[in-house]
Amino acid sequence: MKLLDGKKCAESLVGDIARKVAGYVASGLRKPHMTIILVGEHAPSESYVKSKIKSCENAGFDSALLRFPETITEAELLAKIEEINGDQSTDGLIVQLPLPKHINQQNIINAISPDKDIDGFHPTNFGRMTLGQKAFRPATAYGICKLLQFYEIPTRGKHCVVIGRSNIVGKPISIMLSNDFDIGNATVTLTHIETPRELLLDETRRADIVIVAVGIPGFVTEDMVREGVVLIDVGINRLEDGRIVGDVDFANVKNKCSWITPVPGGVGRMTVAALMINTLMAYQNNFHLS
Ligand code: GUN
């Protein structure tokens, strides 16, 4: 069993970005700039936002964190997004999810300029990605691809099973891995909450690569996978004792895997690294750099 070290891979990618940014800044350009909107108080979001800001520092980006109270209205938030959309001094905009219940998440995502949508959640980017066109790719899914690439794990011709069909992870990774992309050309089965248990087991037991994003600690057990599987655990679950665990029963499954991501230190770090790649792309687009 070998670990897919998201921390090491993310540091390498962010190091590459930092070198490029240093070159741009030396030539007189401003730094890339990421704006993050955070609404209300939500402990996991606080921690994700902190790691995004830290990564901006490491990459040589400027960042701005705009905090709004839980009581902000949808109209007020939309007005703020409109303002940032028109602000040439920022390249990428993230609205940290989840949002309070009284705000329609889809309306907010749809309001972000596709040119600043570094999360890759806007229908324009999602559609372009699906069609195989240049786009900001959803960051967690893109991060998983970058991790597989870093460790030279082939996907072409492989059988990949995705568990979970969220718009943020399961749906985009299933599309990206089946597309004719560098990290793609796999045969993908997308399973979800309505997949009968027997069918799920049939699929996971013959998969070369299993990607799980369901938010249930210990969901993937030893009996569900075959010897030599590559296992990507997207879950970040906080237990009552404060420990952070993934969606895989890591202690019992790990010895069956050829490769497995740890939690923490796996996919979570890669989501942030992919956001950095997307922000650099937004910046390069703005300044017509290649
Ligand atoms: N909340 C959990 N994951 C994400 C993500 O990738 N992007 C945003 N904006 N919010 C999230």
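Values in this text are rule-based calculations from the coordinates and carry no lab data. If you're wondering where the values come from, they're calculated on a predicted model, not measured in any experiment. Glycine also receives a Cβ, built like all others from the backbone with ideal geometry; neighbour counts cover every protein chain displayed.
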Determine if region 78-93 includes at least one residue that is within 22 Å of residue 270 (Cα to Cα), within 15 Å of the ligand (Cβ to nearest atom) and surrounded by 13 or more Cβ atoms within 10 Å (Cβ to Cβ).
yes
Report, by residue number, each residue of region 149-188 that is surrounded by 21 or more Cβ atoms within 10 Å (Cβ to Cβ) and either assigned to a strand (DSSP E or B) or out of contact with any helix residue (DSSP H, G or I) (no Cβ under 7 Å at 6 or more places or on another chain) (or both).
160, 161, 162, 163, 170, 174, 177, 188
Determine which member of the set 72, 17 is assigned to a loop (DSSP other than H, G, I, E, B), under 22 Å from residue 121 (Cβ atoms) and β-branched (Val, Ile, Thr).
72
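Among 17, 53, which is of a type in the set (Val, Ile, Thr), more than 13 Å from the ligand (Cβ to nearest atom) and touching a residue at least 40 places away in the same chain (Cβ under 8 Å)? Walk me through it before giving the result.
On the way: 53 fails: touching a residue at least 40 places away in the same chain (Cβ under 8 Å).
Checking each option against the conditions leaves just 17.
Would you please name the residue that is surrounded by the fewest Cβ atoms within 10 Å (Cβ to Cβ), looking only at residues in region 214-236 that are free of Cβ contacts under 8 Å to residues at least 60 places away in the same chain and of a type in the set (A, V, I, L, M, F, W, C)? Walk me through how you get there before you give the answer.
Step one: list which residues in region 214-236 are free of Cβ contacts under 8 Å to residues at least 60 places away in the same chain, which gives 214-229, 231, 233, 235.
Of the ones still in play, those that are also of a type in the set (A, V, I, L, M, F, W, C) are 214, 216, 219-220, 224-225, 229, 231.
Values: 214: 20, 216: 13, 219: 19, 220: 24, 224: 23, 225: 23, 229: 23, 231: 28.
Among residues in region 214-236 that are free of Cβ contacts under 8 Å to residues at least 60 places away in the same chain and of a type in the set (A, V, I, L, M, F, W, C), the one surrounded by the fewest Cβ atoms within 10 Å (Cβ to Cβ) is 216.
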The correct count of residues that are within 9 Å of the ligand (Cβ to nearest atom) and in a helix (DSSP H, G or I) in region 110-142 is 2
Go through 168, 163, 193 for me and flag whichever is more than 16 Å from the ligand (Cβ to nearest atom) and in contact (Cβ under 8 Å) with a residue 40 or more places away in the chain.
163
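Of all residues in region 264-290, which are assigned to a loop (DSSP other than H, G, I, E, B) and surrounded by fewer than 22 Cβ atoms within 10 Å (Cβ to Cβ)? Spell out how you get there, then give the answer.
So the first thing to find is which residues in region 264-290 are assigned to a loop (DSSP other than H, G, I, E, B), and the list is 264-266, 287-290.
Listed by number, the residues that qualify are 264, 265, 287, 288, 289, 290.
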In region 126-147, which residues are surrounded by 24 or more Cβ atoms within 10 Å (Cβ to Cβ) and among the hydrophobic types (A, V, I, L, M, F, W, C)?
136, 139, 141, 144, 147
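How many residues, within region 237-275, are among the β-branched types (Val, Ile, Thr) and either free of Cβ contacts under 8 Å to residues at least 12 places away in the same chain or out of contact with any Ser or Thr (no Cβ under 9 Å at 6 or more places or on another chain) (or both)? Spell out how you get there, then give the answer.
So in region 237-275, the residues among the β-branched types (Val, Ile, Thr) come out as 244-245, 248, 253, 260-261, 263, 267, 271-272.
Next, only the ones that are either free of Cβ contacts under 8 Å to residues at least 12 places away in the same chain or out of contact with any Ser or Thr (no Cβ under 9 Å at 6 or more places or on another chain) (or both) stay: 244-245, 260-261, 263.
Final tally of qualifying residues: 5.
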For residue 152, only one of the following conditions fails: (1) touching a residue at least 40 places away in the same chain (Cβ under 8 Å); (2) on the phi > 0 side of the Ramachandran plot; (3) of a type outside the set (Gly, Ala, Ser). What is its number?
(1)
Which numbered condition residue 155 fails, given (1) more than 16 Å from the ligand (Cβ to nearest atom); (2) within 25 Å of residue 50 (Cα to Cα)
(2)
Whether any residue in region 43-57 is under 22 Å from residue 165 (Cα atoms), surrounded by fewer than 16 Cβ atoms within 10 Å (Cβ to Cβ) and in contact with a strand residue (DSSP E or B) (Cβ under 9 Å, 6 or more places away or on another chain) is what I want to check.
yes
